[in-house]
Amino acid sequence: MTGMSFIGALLGYGSGFATGLGCGYLAALRSRSTRRADPAPPLEPPAAHEAQEHDTQEAALGAVAQATQQALLRPMSGELGDVGFAARYLPAAANVLVGGDLFNVTLTPYGLRVLVGDVRGHDLEAARLAAITIGCFRDHAATTPDLVALTGILNAGLAAELDAEGFVTAVLAEFAPGEVRLVNCGHPAPLRVGDLLEPLAPDEPGLPLGLDPTPRRQRFRLAANERLLLYTDGLIEALDAQGTPFPLDARVRAALTRPALDDALEELHALLMSHTAGPLRDDLALLLCQPDVRTVLPSFPALRGPGERTGEHA
């Protein structure tokens, strides 16, 4: 695939898959450039063709980085498996390349599954790890029946790629009639948006991916008139001039209950910008989901399966 055709295809996706494509291509180019570098200072100036190849690779890095960010900045919304969703990726102004925040939405035989995560760091390596996380999720989400087992696969895939200080916080969600099932690996708790804003936090804090977490699945009621907001820590850690974090208050609830999901995220973004009165200090990924349940809400059984904790009962 030529560079221009690759960029055109990348811009056509405009989703988490674009992140994987773009970041993977960036990582491959950077890795090849690094391997070609001479570890010792050259005794003579590099040949003209080597300098030209280096310039070409650097130009490709910049072009693909720009295309990837444009794809991510494009709002994404739709409906899969009777679940409506809208997503936004809001980069910090200081970031030149896409960073480590990530999301993906995949329809599977087990219901709609979504992933929101945050790689430690904001450099090209963080983007590479975000691509690996998304790719692993896409490869296994539709063929792994158990959400806990899927989390283990993600952890194993990342463990070989991370250095001693690396990790990825993440939350996986699976939508079923009347409920959402969550596995949280050290990530901010999703918000159930209804009469109140309710954090759906795990019973015990979990370790991030890459640090060998012991994942536990929880089940929460989610009615057709309720929504679920998944986000990265750029939301709750956004500070005003006095250092006050962004409050999840009644104004946020009012924004997130606007009729259209896209409008709800736009209103939330406006509240965030008003709070910070300036550019974001950290990247931010937002994913707002709403089920369209047409059946009577089931009663959740009290019995627990292996590795599962029941968050609530009807």
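For the range 268-291, filtering for residues that are in a strand (DSSP E or B) and farther than 28 Å from ARG120 by Cβ leaves 2. Scanning the range 88-112 for residues that are more than 12 Å from the chain's Cα centre (by Cα), modelled with pLDDT of 90 or more and not polar (S, T, N, Q) yields LEU107, PRO109, TYR110, GLY111, LEU112.
Among the listed residues ARG120, ARG128, ARG113, identify the single one that is in contact with a Phe, Trp or Tyr (Cβ under 6 Å, 6 or more places away or on another chain) and touching a residue at least 24 places away in the same chain (Cβ under 8 Å). One residue alone meets the criteria, ARG120. Against the numbered list (1) at pLDDT 95 or above; (2) of a type in the set (Gly, Ala, Ser); (3) closer than 22 Å to ASN104 by Cβ, GLY234 comes up short only at (1).
Residues in the range 234-261 that are charged (D, E, K, R) and over 15 Å from VAL193 (Cα atoms): GLU237, ASP240. One residue alone among ALA238, ALA285, ALA260 is surrounded by fewer than 18 Cβ atoms within 10 Å (Cβ to Cβ) and small (Gly, Ala, Ser), and that residue is ALA260. Is at least one residue of the range 144-159 of a type outside the set (Gly, Ala, Ser), more than 15 Å from ARG181 (Cα to Cα) and within 12 Å of the chain's Cα centre (by Cα)? Within the range 144-159, not a single residue is of a type outside the set (Gly, Ala, Ser), more than 15 Å from ARG181 (Cα to Cα) and within 12 Å of the chain's Cα centre (by Cα). Only one of the numbered conditions (1) modelled with pLDDT under 85; (2) more than 23 Å from THR151 (Cβ to Cβ); (3) touching a Ser or Thr at 6+ places or on another chain (Cβ under 9 Å); (4) surrounded by 15 or more Cβ atoms within 10 Å (Cβ to Cβ) is violated by VAL293, and that is (3). What about ARG216, is it basic (Lys, Arg) and more than 21 Å from the chain's Cα centre (by Cα)? In short, no. Listed by position, the strands (runs of 3 or more DSSP E) enclosed by the range 134-203 that each have at least 3 residues that are within 13 Å of ARG216 (Cβ to Cβ) and either out of contact with any His (no Cβ under 6 Å at 6 or more places or on another chain) or not assigned by TED's automatic domain parsing to the domain that holds VAL83 (or both) are 179-185. Assigned by TED's automatic domain parsing to the domain that holds ALA87, buried (at least 21 other Cβ atoms within 10 Å of the Cβ), outside any helix (DSSP H, G or I) and modelled with pLDDT of 95 or more: is that true of LEU265 in this structure? No. Determine whether the range 176-191 contains at least one residue that is surrounded by fewer than 21 Cβ atoms within 10 Å (Cβ to Cβ) and charged (D, E, K, R). There is no residue in the range 176-191 that is surrounded by fewer than 21 Cβ atoms within 10 Å (Cβ to Cβ) and charged (D, E, K, R). Each residue in the range 225-252 was checked for being in a helix (DSSP H, G or I) and either more than 22 Å from the chain's Cα centre (by Cα) or free of Cβ contacts under 8 Å to residues at least 40 places away in the same chain (or both), and 2 of them qualify.
The values are calculated or read from the model by the stated rules, or taken from the named source; none is laboratory data. None of the values given here were measured: they were computed from a predicted structure. Ideal geometry is used to build each Cβ from the backbone, glycine not excepted, and the neighbour counts take in all protein chains shown.
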